[in-house]
Amino acid sequence: MLQVERLKKAFDGFQAISDANLSVPQGEVVAVIGPNGAGKSTLFNLISGHLQADSGHIRFLNEDITNLAPYKICHKGMARSFQLINIFTSLTVFENVQTAVIAKHRLDQKFFKPSKRLVVEETLDVLESLGLLEYKDRSCSSLSYGDQKVLEIAIAVGSKPTLLLLDEPTAGMSSEETQRIVNLIKHLSREKGLSILITEHDMDLVFDVAQKIMVLHQGKTIAQGLPQDIRNDKSVQNAYLGETG
Ligand SMILES: Nc1ncnc2c1ncn2[C@@H]1O[C@H](COP(=O)(O)OP(=O)(O)OP(=O)(O)O)[C@@H](O)[C@H]1O
């Protein structure tokens, strides 16, 4: 479903991504891991169109999407969450998700406004599947940090993606909140059939949810494969111990 090939990106001469390669098969949860500064967020920003690549290719559903605008990539069925919470705090929980549902319909059907009933039903469906229904009329600013992070994922899910990108979804969370995200990822993957690409520092989470892992080190893909193979890979062990090679 998603293929990244020989991707490169430099910032003022600093090669943040020097040779990234990644493949996300349909319906799988794939994790990108790597030490601090390895280039994980930069890679996500390149895939979602928030940064422009210097060279290489990104293919999504057999189309070349390299350097397309983020809204065009979103329209093709890719949605993402950010490391920092990205919600409208002045709106209610319902209104935040509703905005994403309406935006998706407007892009799909340029000449027809979606019926209010359809939007309401779809919005409630998303809130229910993410466990946020009871908070629907609450102002977002009154939610806990963990609920705000889940709401951000709900907004991404509201745009009906086939591929969901989650950038460190458990950053700053308690172990209880982290378990909730683990359950959510499993639910979205197994029950809703979403393909999910995730970056995460919590290795317990990664090895619990991912069917495949890609390891990025100094901007380069050094390994990609099944979790048990990654666990036993010498170059991965060395990268995490700080001894490249
Ligand atoms: N806009 C930018 N301008 C200059 N350098 C940048 C920019 N964005 C990222 N970098 C640099 O690129 C490298 C990769 O950063 P990135 O944030 O992608 O790493 P990361 O793997 O996500 O790190 P972390 O795990 O700490 O979040 C870092 O050395 C960072 O300082």
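The values are calculated or read from the model by the stated rules, or taken from the named source; none is laboratory data. Model, not experiment: these values are computed from the prediction. Ideal geometry is used to build each Cβ from the backbone, glycine not excepted, and the neighbour counts take in all protein chains shown. Protein only, heavy atoms only, side chains kept; ligands, DNA and RNA dropped before computing areas. Shrake-Rupley method; radii C 1.70, N 1.55, O 1.52, S 1.80 Å.
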The value for the stretch 174-245 (convex hull of the alpha-carbon atoms, volume per residue, Å³) is 96 Å³
When the chain is treated as a Gaussian network with springs between alpha carbons less than 10 Å apart, the largest mean-square fluctuation among 117, 106, 59 is found at 117
For the stretch 158-245, averaging the sequence separation of alpha carbon pairs under 8 Å that lie six or more residues apart and dividing by its residue count, the contact order in percent is 21 percent
In the chain, whole DSSP H helices that both stretch 15 Å or further along their axis by alpha carbon positions and average at least -1.0 on the Kyte-Doolittle scale are 93-108, 116-129, 145-158, 175-190
The summed charge of the residue 129 Cβ neighbourhood (under 10 Å; Lys/Arg +1, Asp/Glu -1) stands at -2
Sorting 90, 18, 48, 141 on solvent-accessible surface, 1.4 Å probe, most exposed first, gives 90, 141, 18, 48
Projecting the Cα atoms of 135, 123, 145 onto the charge dipole of the stretch 88-160, where Lys and Arg contribute +1 and Asp and Glu -1 at Cβ, the residue farthest towards the positive end is 123
The chain, Gaussian network, Cα under 10 Å: of 19, 137, 167, the residue fluctuating most is 137
Candidates 99, 123, 221; GNM for the chain (alpha-carbon contacts under 10 Å) flags as most fluctuating 99
Projected onto the charge dipole of the chain (unit charges on the beta-carbon of Lys, Arg, Asp and Glu, signs +1, +1, -1, -1), the Cα from 171, 69, 56 with the largest positive-side position is that of 69
The relative contact order of the chain, taking Cα pairs under 8 Å that sit 6 or more residues apart, comes to a percentage of 27 percent
GluC sites (Glu not before Pro) in the stretch 156-245 lying in a DSSP loop, each with at most 14 other Cβ atoms within 10 Å of its Cβ, come to 191, 243
Cross-link reach from residue 8 to lysines, straight Cα distance under 25 Å and at least 8 residues apart if same chain, gives 40, 72, 76, 212, 220, 234
In Å², rounded to a whole number, the accessible area per residue of the chain with probe 1.4 Å is 48 Å²
Calculated from DSSP helices alone, with each H run of at least 4 adding -39500 (n - 2.57) and the total divided by the residues of the chain, [θ]222 nm to the nearest 500 comes to -11500 deg cm²/dmol
Classified through the alpha carbon gyration tensor (a ≥ b ≥ c as square roots of its eigenvalues; rounded if a/c is under 1.5, else prolate when a/b is larger than b/c, else oblate), the stretch 1-40 comes out oblate
Rounded to 0.05, the calculated FRET efficiency for the beta carbons of residue 14 and residue 115 at R₀ = 45 Å is 0.35
With residue 64 itself left out, Lys, Arg at +1 and Asp, Glu at -1 over residues whose Cβ is under 14 Å from its Cβ give +2
Once Lys and Arg are counted +1 and Asp and Glu -1 for all other residues with Cβ under 12 Å from that of residue 225, the total becomes 0
On the accessible surface of the chain, probed at 1.4 Å with all protein chains in place, carbon and sulfur together account for a percent value of 50 percent
Hull surface over four for the Cα convex hull of the stretch 88-160, reported in nm², is 4.4 nm²
Shape descriptor, the chain: equivalent ellipsoid semi-axes (Cα gyration tensor, sqrt 5λ, whole Å, largest first) stand at 31, 21, 16
